[in-house]
Amino acid sequence: MLTALLALVLLAAGCTSTDEAAEFSPTTEQAVSPPTTEETAAPPTTEEMEPLRIAIVAPSASNDLAFTQSMVDAVNAVGATREIEVAVTDGTFIVEEAAAAIRGYAEEGFHLVIAHGSQYGGPLGEIAPDFPDTSFAWGTAADYMGLDNVFAYTVRSDEGGYVAGTVAAGITASGVIGVIGPIPVGDAKLYVDGFAAGVAATDSSIQTNIVYTDSFSDVALAAEAAEAHISNGADVLTGSAQMVVGATGVAKEKGVAWFGTQANQTALGEDIVVASQVYHWEALLADMIDKIEAGTLGGEVMIATLANGGIVIEFNDAYGLDSAIRAAAEAVAEGIADGSISTGIK
């Protein structure tokens, strides 16, 4: 039972305050009275179980159809199978504001606080040690900072990018493809590199032009980059981060195909969105929550992949993609998942 397990962890490590002890410790009667055989054998009822309290702190809007929404959707998916209480603080692009929210949720007794932004690592490294009985998750990152109450999570976005690249190579008529990246770091760079590799592996004669805007959120810059790509002959575009709404607006206006990543971006244009690489963080969250309930609050890195279901290629049926191209892409995805195909990206 979650409450009892958390109580044991707190008793072993020492509660940080009297209030925390009161919230998570068993009553005196429960602590000193040995359970009967019947009580030991009976599983807890739903009413007896304490909901797991999960907080998300993220840099952009919860409905950004990109990075933040991918985590909000994942936690909601977990809520369909487990009893949880969820709180979200979004739009915290300013790191100091995010840090205040992260600390606030820990002080309020949330069991899992998700710092959904690689830029939050600095403050999280200072906050997490102050709350040894709270579990934190930080991503995308491959470093839990040596803290046993921090889970780091990341994604092999090059895998879905590679699959998308093979499809893009199959549908381009001009032989020119445009890619709009935000800042060349983390899962954004992995996706861009994987996409370009997929195009090249399918048809090395295709020209893939890559532009980074140096911003995750500048919609206007993304739109300008899309305009430039199309002016240079691109008839297929892709990009990453919440800024892509600027690029997809241009793509829709010009009738240029689009490939999404992070969240399903079909809503940005059913007539132009071919497919999306979708981060299904719930594949990692389920394992994370199991560990928390068993008393392990962190101390490891979790990676979303095609193989574990953390990445899913979701095609837009309304686009009308040629069935042979789609079948070939699905075969590539299976090959990456089983290890018979490599993206070539380290």
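If amide H atoms are built 1.01 Å from N in the plane of the peptide, which residues on other chains or at least 5 residues away come under 5 Å of the amide H of residue 280?
Under 5 Å from the amide H of residue 280: 311, 312.
Apply the Debye scattering formula to the range 161-269, with a single equal point scatterer on each alpha-carbon and no solvent, then give log10 I(q)/I(0) at q = 0.13, 0.20 Å⁻¹.
The computed values of log10 I(q)/I(0) come out as -0.38, -0.95.
What list of ³J(HN,Hα) values in whole Hz, one per residue of the range 305-313 in order, does the Karplus curve 6.51 cos²θ - 1.76 cosθ + 1.60 (θ = phi - 60°) give from phi, with Gly and Pro shown as x?
9, 5, 5, 9, x, x, 10, 9, 8
Determine the per residue accessible area of the range 208-247 with all protein chains present and a 1.4 angstrom probe, expressed in square angstrom. Can you show the working numbers first?
Values: 1490 Å² over 40 residues.
Value for the range 208-247: 37 Å² per residue.
Cross-link partners among lysines for residue 346, C-alpha distance below 21 Å, same-chain residues fewer than 8 apart left out?
189
Would you work out the relative contact order for the range 154-242, in percent, from Cα pairs under 8 angstrom that are 6 or more residues apart?
On the way: 172 pairs, mean separation 36.2, N = 89.
For the range 154-242, the relative contact order is 41 percent.
Take the solvent-accessible surface of the protein heavy atoms, probe 1.4 Å, and return the percent of it on the chain that carbon and sulfur atoms account for. Can you show the working numbers first?
Working: 7640 of 14530 Å².
Carbon-and-sulfur percentage of accessible area, whole number: 53.
List the DSSP H helices in the chain whose Cα atoms stretch 27 Å or more along the helix axis and whose mean Kyte-Doolittle hydropathy is at least 0.0. Can you show the working numbers first?
Numbers: long enough: none.
Helices meeting the criterion: none.
Using only Cα atoms, what is the ratio of the radius of gyration of the range 171-212 to 2.2 N^0.38 Å? List each step's numbers first, then the result.
Numbers: Rg = 10.5 Å, N = 42, 2.2 N^0.38 = 9.1 Å.
Computed over Cα atoms of the range 171-212, the ratio equals 1.15.
The values are calculated or read from the model by the stated rules, or taken from the named source; none is laboratory data. No experiment lies behind these values; they were computed from the predicted model shown. Ligands, DNA and RNA are excluded from the accessible area calculation, which covers all protein heavy atoms including side chains. Shrake-Rupley method; radii C 1.70, N 1.55, O 1.52, S 1.80 Å.
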